[in-house]
Every structure is written in C-alpha cells, then in structure tokens.
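A short write-up of the structure that comes next.
Read-outs throughout are calculated quantities, based only on the coordinates presented, and are distinct from any laboratory measurement. None of these values were measured; they are calculated from a predicted model. All Cβ positions, glycine included, derive from the backbone under ideal geometry; neighbour counts span all protein chains shown.
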Amino acid sequence: MNDLSYSDFESALRKALPFLDDETPVDAHASLTELGLDSLTLLGLVAELEDRFSLELPDEMLVMETFATPSTLWSALSEVPRSST
C-alpha cells in the first residue's frame with residue numbers, strides 16, 4: 001500500500017500500544033510512551049509502518065521526538081517519500 005491512510009496508521013498503532021484498547025479513541029496528542037511504546041514495541045511499529053506504507057523512515061527520524069505522540073508520528077510519516085514498489 002502506498003497511500004497514507006490514517007485508519008491504517010491507527011490500526012498499526014493499536015497493535016503496538018498495549019495500553020490502548022479497541023474502544024478507546026486514539027488521542028492525537030497522547031503520549032505514546034504512556035500508552036506502552038517502549039524500545040521493543042517501537043522497533044515493531046517502525047517495521048509495520050514501513051511495510052504497510054511502502055516507505056523507509058530515515059535515520060534522522062528515528063528519535064523519540066518523532067514518536068512522542070500520534071500527531072508527531074503521523075506528521076513525520078507524511079513527509080517521507082513512498083517507494084514505487
């Protein structure tokens with residue numbers, strides 16, 4: 001999939017965040033670490049997002065500021081060019 005879809009993004013977040021249940025809305029400004037994102041789940045989330053959206057996050061984006069909230073992560077993903085494959 002090459003197009004960024006917020007619903008797909010939210011689905012990937014839900015898989016990676018153990019403290020976010022299916023009924024709780026994703027607050028764009030919630031702390032991802034408070035929702036359970038740690039170094040291990042971060043790696044899985046990056047792999048899932050890269051695969052799902054056919055993109056590769058550049059090394060300079062692999063910092064905690066990028067993963068602070070759903071909003072900061074969505075903004076970063078929106079700036080990354082997608083591959084044509």
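Structure data summary
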item	result
Residue satisfying all of: in the range 34-48; of a type in the set (A, V, I, L, M, F, W, C) and not in a helix (DSSP H, G or I); surrounded by the most Cβ atoms within 10 Å (Cβ to Cβ) among these	L37
Among residues of the range 49-68, those that are under 11 Å from the mean Cα position of the chain (by Cα) and either part of a helix (DSSP H, G or I) or closer than 12 Å to L4 by Cα (or both), counted	4
